[in-house]
Each structure stands twice: as C-alpha cells, then as structure tokens.
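As structure tokens, the structure follows; a few thoughts come after it.
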Amino acid sequence: MKILTAEQIRTADSYTIMHESISSIALMERAADACNRWISEHFSKETTFMVVCGTGNNGGDGLAISRQLLDKGYDVQTFVVPFFSKISEDFSVNKKKLEKIKNVRITEIKDAEDIKRESYKNVVIIDAIFGSGLSKPVEGKLAEVIQRINSLQLQVIAIDMPSGLAMEDNTGFDRKNIIRARFTLTFETPKLSFLFADNAENVGEFYIVDIGIDKKFLAEQKSSNNWVTQDMATRLLRHRAKFSHKGNYGHALLIAGGYGKIGAAVLGAKACLRTGAGLVTAHVPKCGYEILQISAPETMVVTDEEEQEFSRIKDLSKFNAIGIGPGIGTSEKAAKGLKMLIQEASVNMVIDADALNILSENKTWLSFLKPESILTPHPGEFARLAGKSSTAFEAYTKQREFAKKYNAYVILKGAYSSIAAPGGEVYFNSTGNPGMATAGSGDTLTGIILGLLAQGYPPRQAVILGVYLHGLAGDIAAQEWGENALIAEDITNCLGKAFQYISN
C-alpha cells in the first residue's frame, strides 16, 4: 500500500468524484458512514459524543458523523469552530442537513472555553477540526481550541488526522497545539507522520478506513513510502515444490555468540531453521559447541579458533547467505574477523548487533560491503552508525540517505519497523507489538532474514517478508502469552502459524 502526500490524496478524491460520477458531498457521506460503523462497533449507546468541527471539509465530515450518530440514537453535542478564513461548500451543506434534525444541539463557539461537557457519563470527543491539508503549525484561537480539548482529558477520536499534526514533517511544531487522540480513523492510507515515535501520543491507535476512493488510482501513484500489508507478504511468499529436498533451500551461515551470549546464536539458528533454510551452520566460539548441539540439534556447528569469542572463519564456499553479529562482542579480534568477512564474502549478508557496533567504530569499512547488504540496527545502533537525530523524521531522512550512500538495506527496528532500500524507497511494517521489545527479539529477526536469503529470496523480498513475518509471529505469540510475558523464543515458536496465516 502506498503512503501518499496530501496533494496525492486530494487528486485521488477528485479522480473518484469524476470517474464514479459521485458528488463530493456523497463521498463525504460515505466517509462519515465508514467512520460511524467503526464508532458504533467500539462505543455503546451510553456514550455521549462531543463533535468539534472546523469549517473546512474535515469539519464537513464531522457534521455528517454527528447527524449519522444522532440517527443511530447516540447523544451528540456538536461544536463549530469558526476561527477560519474560509468555509467549504460541503461544510455548509452538511450544516444545513444537521440543523434540520429535531432537538439537535449545535454550538458555534466564541472562545475555546465554550467547549464543555453537558453530560458526566461516558463522554468521547470527535476531532474534526483540521484534516490532511495542514502544512504549518496551528496558532492563535485555533491553538487554544486544541489546548482546551486536550485539557478535558477525555478520549478523543481524530477523523483522518489529529488536528494540528502535519502529514509528514512536524519539526518545530508545538506539541501542546496538537490533539492527543486515543484513536485516529484515517482515510484509505496511513499518513507518514503516524509512523514516527514522536507523534505516538497524538495519533494513538490508528485505523485505516475505506471510504471508496478508486483503488487502482491509489495503487498507480508514485511514492517512496510504502505500508507493508498481508497481501504484499502473501505475494512474496514462495511455496515448496513436492519433489524438493533440503539442498533446494540453501545453506545459511550464522556467526554469532560469545562467552555468556551463546543464547544469541541459539535464537538466531532456530529462527533461521523455522523460516525454512535447508541447512544451517552456526559458527561459535569453542565454549558454545555443546550448548548449540543440545539446544538446536538441527543446526550444524563449527567452532572458532578462540575459546570465548569470534575471530575468523576460514571457508565460506559452502554457504548461500551469511548472518553475523548477535552476541559476538566488539573485541579487536572480532573486528578483524568482521573486516576479513566483508572483504571475502560473495553472498548476501545480514549484519546485526555487535557487527554494527564494530562498523560504527570503523565507518570506512562500510564502503566495502557487498551491494544490497542488509543492516538491522535498533535506534541506538543506528545513531552510532549515522549520527544522532533530534526527531524521528530526521532519523528517517538519515536512514534513506544511508541506504542510498552504501547501496544497502537498512532496517530501523521498532514500532512500524522501517526498511530503507538502496533506491530511497521506505517500507513501513504493519505487524508487531510492544511485547517484542525483549532480549533476543533482534536475534530472531536476523535468523529469519538469513533463512529467506539462503532460500534464494532477493534481499528486497527477504527484508520485507522477514520483518513482516517476525512481527506477525510476535502478534500471534502476544495473543497466546500476552505482551508482558512474551520472550524471543515465543516469536520463533509462532513462525509456523505466521506462515500459515499469510499462506491462506
């Protein structure tokens, strides 16, 4: 799914109106109906809604939502915020429709303090002040309205966008002048700003609402930013041939583990096997030999010359893909071993954890990476590689630049993990949950991507599918054990169900 700009969304609206012979007011009605279906599924008739509307098209959506909620028997107060220079035609049409309803309560506010609750039962605010067209910080009386809404400390449902939040870059925006929503019902596609940690308290949980915009037109739009869905993952997944054998599914080499951290090798190897690699060899220090043989008996094990750390691997000829980093440490010997590996490896490679930390101390080595190498940093590791960022948008910009500069795939791990490709495209992942913020979760991701590379998936497909499967397995595990109790091994144990889920 493409993540579009405000201009592209406006163009898609116009195209739909023109080619479906539907009026803009009818499209607005369709949007209101889609929002109200979600609202009625999540809130009982005991709820009172305070719908706060600007005078543009987002406000028109809000007025249509008010009317439809009243038709369904909800208690609704509607507030019109008049501090705009323009009133849209569709807003005016919907205001007249709403005014025709008997006993309707509409208040055109004179100042922010006029927005107050009349009921003390379950009250929810619906924010329909600003939509996707906002491009500069909110100021003056409109900012006071947003501050007033936030001060009431009620649940807020934002329609399309939390008012005060721009669709992309919010650098320099005053946070107190942005709605803090519990839920955001956004039209057709996620908005880029929703996917940044800085904006989490404003967006809350977002839901993509289908309002009937022409899907073919949306898919044809050019965008560097993409939202990875189940459909995309299903299309990428390959199915096994009946007469295949383990040799058809590649031989993966995982270089991982050090004294006290052999568990990283165990987790990575198991995930690699669960992802379908035909053969997996783990290269570990001598102290890890028995642990791997007992903990992951399907894994072949070769030991380093060193007792407690990685130093080098001599023969790479048997392997179709290589993963390195989890638990190897950052000693001088490990650094030399990584440098030799980068210079000698001819197959696709996943670089994680301590291998990234070594590279951050030896940045000139980045130029020697094989084209389309895969780097999997968490935010701290990425800051060491590319420099600190003051905002998530700045980190996103650096991620794209880094991927292009080094012809690499960079996976910035976290909520909505982002994958920057060498061409500058970014893919945001739609699966995963906070329970996956646990020791070893990254090691399992390395194993998953390594397993896909070994099977012959090109790097782009391996990272998109691998990150999606990792998050989906984590979601399945969270359903089983809850987010608080989730551990990395649970993710691996749920990979089978994740594969089944996207195969259907």
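The values are calculated or read from the model by the stated rules, or taken from the named source; none is laboratory data. Just so it is clear, the structure is predicted and the values come from calculations on it, not from any experiment. Here the Cβ is made from the backbone with ideal geometry for all residues, glycine too, and neighbour counts use every protein chain on show. The accessibility values were calculated without ligands, DNA or RNA, using every heavy atom of the protein model including side chains. Shrake-Rupley method; radii C 1.70, N 1.55, O 1.52, S 1.80 Å.
Kindly indicate which of 55, 78 is assigned to a strand (DSSP E or B) and either without any contact (Cβ under 8 Å) to a residue 60 or more places away in the chain or on the phi > 0 side of the Ramachandran plot (or both). Explain how you work it out, then say what you get.
Details: 55 fails: assigned to a strand (DSSP E or B).
Exactly one residue qualifies, and that residue is 78.
For the stretch 314-332, give me the residue count where each residue is open to solvent by less than 90 Å² (accessible area, probe 1.4 Å) and at pLDDT below 95. First the steps, then the outcome.
The initial filter retains those residues of the stretch 314-332 that are open to solvent by less than 90 Å² (accessible area, probe 1.4 Å), namely 315-316, 319-331.
From the residues that got through so far, the ones that are at pLDDT below 95 too are 315.
The number of residues fulfilling the criteria is 1.
Starting from residues that are more than 34 Å from the chain's Cα centre (by Cα), under 23 Å from residue 37 (Cα atoms) and not hydrophobic (A, V, I, L, M, F, W, C), keep the ones in the stretch 79-95 and report whichever is surrounded by the fewest Cβ atoms within 10 Å (Cβ to Cβ).
95
Collect the residues in the stretch 115-142 that are closer than 17 Å to residue 81 by Cβ, touching a helix residue (DSSP H, G or I) at 6+ places or on another chain (Cβ under 9 Å) and not in a loop (DSSP other than H, G, I, E, B), keeping them in residue-number order.
Once the filter is applied, which keeps residues that are closer than 17 Å to residue 81 by Cβ, touching a helix residue (DSSP H, G or I) at 6+ places or on another chain (Cβ under 9 Å) and not in a loop (DSSP other than H, G, I, E, B), the stretch 115-142 yields 125, 126, 127, 128, 141, 142.
So which residues in the stretch 171-187 are in a loop (DSSP other than H, G, I, E, B) and crowded, with 23+ Cβ neighbours inside 10 Å?
First, the residues of the stretch 171-187 that are in a loop (DSSP other than H, G, I, E, B): 171-174, 178-182.
Listed by number, the residues that qualify are 178, 179, 181.
Conditions first: (1) open to solvent by 10 Å² or more (accessible area, probe 1.4 Å); (2) in a helix (DSSP H, G or I); (3) out of contact with any Pro (no Cβ under 6 Å at 6 or more places or on another chain); (4) farther than 29 Å from residue 193 by Cβ. Residue 450 passes all but one, so which condition is the exception?
Checking residue 450 against (1) open to solvent by 10 Å² or more (accessible area, probe 1.4 Å); (2) in a helix (DSSP H, G or I); (3) out of contact with any Pro (no Cβ under 6 Å at 6 or more places or on another chain); (4) farther than 29 Å from residue 193 by Cβ, the one that fails is (1).
For a quick check of your reading: which strands (runs of 3 or more DSSP E) sit entirely within the stretch 242-333 and have at least 3 residues that are in contact (Cβ under 8 Å) with a residue 60 or more places away in the chain? Spell out the reasoning first.
On the way: elements: 251-255, 279-284, 300-303, 321-324.
Once the strands (runs of 3 or more DSSP E) in the stretch 242-333 are filtered for at least 3 residues that are in contact (Cβ under 8 Å) with a residue 60 or more places away in the chain, what remains is 251-255, 321-324.
For the stretch 40-52, which residues satisfy the criterion of being surrounded by 24 or more Cβ atoms within 10 Å (Cβ to Cβ) and assigned to a helix (DSSP H, G or I)?
Within the stretch 40-52, no residue meets the criteria.
So if I check each of 398, 404, which one is on the phi < 0 side of the Ramachandran plot and surrounded by fewer than 18 Cβ atoms within 10 Å (Cβ to Cβ)? Lay out the reasoning, then the answer.
On the way: 398 fails: surrounded by fewer than 18 Cβ atoms within 10 Å (Cβ to Cβ).
Just a single option satisfies the conditions, and that option is 404.
With respect to the numbered conditions (1) surrounded by 16 or more Cβ atoms within 10 Å (Cβ to Cβ); (2) touching a helix residue (DSSP H, G or I) at 6+ places or on another chain (Cβ under 7 Å), which one is the sole condition not fulfilled by residue 337?
Result: residue 337 fails condition (2) only.
Enumerate the pairs (first residue in the stretch 470-491 and closer than 15 Å to residue 414 by Cα; second residue anywhere and surrounded by 17 or more Cβ atoms within 10 Å (Cβ to Cβ) and among the polar types (S, T, N, Q)) with beta-carbon separation below 7 Å, excluding pairs fewer than 6 apart on the same chain, so at least 6 apart or on different chains.
Final answer for the pair search is 470/444; 471/429; 471/431; 472/431; 475/431; 488/438; 488/441; 488/444.
Touching a Phe, Trp or Tyr at 6+ places or on another chain (Cβ under 8 Å), of a type outside the set (A, V, I, L, M, F, W, C) and outside any strand (DSSP E or B) - does that describe any residue in the stretch 151-161?
Within the stretch 151-161 (the criterion being touching a Phe, Trp or Tyr at 6+ places or on another chain (Cβ under 8 Å), of a type outside the set (A, V, I, L, M, F, W, C) and outside any strand (DSSP E or B)), the answer is yes, since at least one residue qualifies.
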